[in-house]
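Note sheet for the following structure.
The values are calculated or read from the model by the stated rules, or taken from the named source; none is laboratory data. All values reported here derive from a predicted model rather than from experimental measurement. Backbone-built Cβ (ideal geometry, glycine too); neighbour counts: all protein chains shown.
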Amino acid sequence: MGNRNVLQPRQSSDAEWQVRCDLAACYRAFVRYGWTDLIYTHISARHPQRAEWYLINPYGLLFDEITASNLIVVDFEGEVVSGDYPVNKAGHAIHSTVLKARTDVNWVLHSHTRAGMAVSCMRSGLMPLTQQAMFLHGRVAYHPWDVQTAGPEECERLVADLGEKKAMILHNHGLLTCAATVGGAFTTLYILETACKVQVDLMRSGVELVIPDDETVARTAAHGPEFTGEREWDAIRRSIERTDPSYRD
């Protein structure tokens, strides 16, 4: 890794460096919460000055190796604009497709967690069993997964199924969230992942469940937070700053 060319703060604008630091911190947060899958899965951020470019992880690095300077910039055609690492082709297909179709979105997070994959295999989908799950009731899209590098038709189906929602369960695959801000996307994924974990735990327990009635579910969903994530992300980044400031390298 030491022989690779990396970007220095002075080589990027203040706006780009801020995005780079937030994105690198988000990768470290994935490590902290156990959402990694070796070198796979990906988080992207739209370039603040070129809407048709995005920043993403260098393919081949573990998430705790990712820093603000070694993130790569990729265009919507899949060409690496900046950086000395390759891009994950499946990651490019997902992230470029969402960012191209959703001009309201600047951040896209994708995970292969154990609980997320488990719920993605359940015909019931996410069940409104907990407050977290009820917050997301009616806000989660579903997509019948195909190999993401299969072609543009699969990409078109993915964004069509996502619609205007900010959370998606990819059947037999994993989770995806998106938002205008890193905090919004991260907090939504945190809530979705927590709901999935509890659902898996409850289904394994074999006990009779208390199922909320439709009115309670609807009322909870209507009064749930919008997950702007500003306070949550500020707190997470402060914590990472204290324990692992190397993300800013």
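Residues in the stretch 190-219 that are touching a Pro at 6+ places or on another chain (Cβ under 8 Å) and in a helix (DSSP H, G or I): 217 alone. For the residues 187, 103, the requirement of being more than 24 Å from residue 63 (Cβ to Cβ), of a type in the set (Ser, Thr, Tyr) and either part of a helix (DSSP H, G or I) or at pLDDT 95 or above (or both) singles out 103. Taking the stretch 126-152 as the range and being exposed (fewer than 14 other Cβ atoms within 10 Å of the Cβ) and closer than 21 Å to residue 194 by Cβ as the test, only 138 passes. Beta carbons closer than 8 Å, at least 6 apart along the sequence or on distinct chains, pair a first residue in the stretch 117-139 that is within 15 Å of residue 200 (Cβ to Cβ) with a second that is part of a loop (DSSP other than H, G, I, E, B) and small (Gly, Ala, Ser) for 119/125.
When each of 74, 98, 108 is tested for being aliphatic (A, V, I, L, M), buried (at least 21 other Cβ atoms within 10 Å of the Cβ) and part of a helix (DSSP H, G or I), the lone residue that passes is 98. Given the condition touching a helix residue (DSSP H, G or I) at 6+ places or on another chain (Cβ under 8 Å), at negative phi and aromatic (Phe, Trp, Tyr), answer yes or no: does some residue in the stretch 101-121 qualify? Yes - at least one qualifying residue is present in the stretch 101-121.
Restricting the stretch 83-95 to residues that are farther than 17 Å from residue 66 by Cβ and small (Gly, Ala, Ser), the residue that is surrounded by the fewest Cβ atoms within 10 Å (Cβ to Cβ) is 90. Restricting the stretch 137-161 to residues that are in a loop (DSSP other than H, G, I, E, B) and within 18 Å of residue 92 (Cα to Cα), the residue that is modelled with the lowest pLDDT is 147.
Against the numbered list (1) surrounded by fewer than 18 Cβ atoms within 10 Å (Cβ to Cβ); (2) touching a residue at least 12 places away in the same chain (Cβ under 8 Å); (3) outside any helix (DSSP H, G or I), residue 178 comes up short only at (1).
Rundown of residues vs (1) touching a Gly at 6+ places or on another chain (Cβ under 7 Å); (2) free of Cβ contacts under 8 Å to residues at least 40 places away in the same chain, yes/no style:
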residue	(1), (2)
191	no, no
195	no, no
204	no, yes
220	no, no
227	yes, no
235	no, yes
245	no, yes
